[in-house]
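Engineer: There's a structure below that I have some questions on.
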Amino acid sequence: MYNIDINYIKRGDIMTGEHLRELRKSRKITQVQLAKMLNVQQSSISAWENDTAKPDFDNQRKLSELYGITIDELFGRQVSHVPSAGTKIPVLGRVQAGIPTNAISEIIDYKEIPADMATRGEYFGLLVRGDSMSPDLKDGDVVIVRCQENVKNGEMAIVAVNGDSATVKKVYKSPQGVTLVPINPAYDTKMFTNEEIMRLPVEIRGKVVELRRKIG
């Protein structure tokens with residue numbers, strides 16, 4: 001059962017399926033992907049966009065947060081306000097080799113970065129798992145990553161090895177190959193030869209540029 005928020009009914013406003021469809025397509029998200037993000041059936045998304053049902057208030061809120069707009073704007077109202085100071089980027093639970101920003105099924109949250117920062121590249125967030133980079137990075141931290149295929153020696157990067165989910169390590173390059181170095185001394189440093197870099201492969205997916213840590 002889908003209901004429109006009673007406050008909007010009183011004001012005579014109705015959310016149109018066409019507007020919901022345009023919002024989704026403008027973000028290059030499919031109905032199936034959106035259904036996964038909202039934890040609803042794909043048939044519900046289809047019903048909303050075909051005006052045979054309406055999202056309840058909880059899903060209105062989720063949609064507005066996902067699209068980075070107000071609920072007023074979700075209803076198609078023209079709202080006069082100061083533009084957002086930032087740009088929302090997805091936070092991933094893991095980064096699969098080759099598809100850091102297209103791993104829609106791995107999106108677990110969204111973070112905001114400054115608008116001027118967003119103009120300097122493509123970014124995503126990554127949830128840190130484990131303590132190999134402790135104490136600098138702790139389990140549960142979120143790092144902001146700029147997509148790039150190379151970093152300077154000693155910089156922290158997201159690296160995928162042999163097609164596995166990428167990990168966070170400090171990178172050191174030499175004529176012989178590349179070395180991935182954890183900060184926690186309980187973990188081993190791993191060195192890969194130039195031949196292994198090509199064969200496995202070993203691929204840098206981005207540079208860690210910022211840490212977001214919850215207090216408490």
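Engineer: Need the full-extension length gain, Asn39 to Glu196, defined as separation in residues times 0.36 nm minus the C-alpha distance. One decimal, nm.
Structural biologist: Working: separation 157, 0.36 × 157 = 56.52 nm, distance 4.04 nm.
Answer, rounded to one decimal: 52.5 nm.
Engineer: Using a Cα-Cα cut-off of under 19 Å, which lysines could be cross-linked to Lys54, ignoring same-chain neighbours fewer than 8 residues away?
Structural biologist: Of all the lysines, those that pass the test against Lys54 - Cα under 19 Å, at least 8 places apart if same chain - are Lys10, Lys25, Lys36, Lys62.
Engineer: May I pose another question? Ranked by accessible surface with a 1.4 Å probe, highest first, in what order do Arg21, Arg213 come?
Structural biologist: On the way: Arg21 70, Arg213 100 Å².
If we order Arg21, Arg213 from most to least accessible, we get Arg213, Arg21.
Engineer: Between Arg77 and Arg129, take the C-beta separation as r, use R0 = 41 Å, and let me know the FRET efficiency to the nearest 0.05.
Structural biologist: Values: r = 41 Å, r/R0 = 1.00.
After rounding to 0.05, the efficiency reads 0.50.
Engineer: For Thr189 and Lys25, what does the FRET efficiency come to when R0 = 41 Å and r is the distance between their Cβ atoms, rounded to the nearest 0.05? Mind showing how you got there, number by number?
Structural biologist: On the way: r = 46 Å, r/R0 = 1.13.
The formula returns an efficiency of 0.35 here.
Engineer: Starting from the exponent 0.38 and prefactor 2.2 Å, build the expected Rg for the stretch 123-177 from its residue count and divide its actual Cα Rg by it.
Structural biologist: On the way: Rg = 11.7 Å, N = 55, 2.2 N^0.38 = 10.1 Å.
After normalising by residue count via 2.2 N^0.38 Å, the value is 1.16.
The values are calculated or read from the model by the stated rules, or taken from the named source; none is laboratory data. Given the structure is predicted, the values throughout are model-derived calculations rather than measurements. Virtual Cβ from ideal backbone geometry, glycine too; neighbours counted across all protein chains shown. All accessible areas refer to the heavy atoms of the entire protein, side chains included, with ligands and DNA or RNA removed. Shrake-Rupley method; radii C 1.70, N 1.55, O 1.52, S 1.80 Å.
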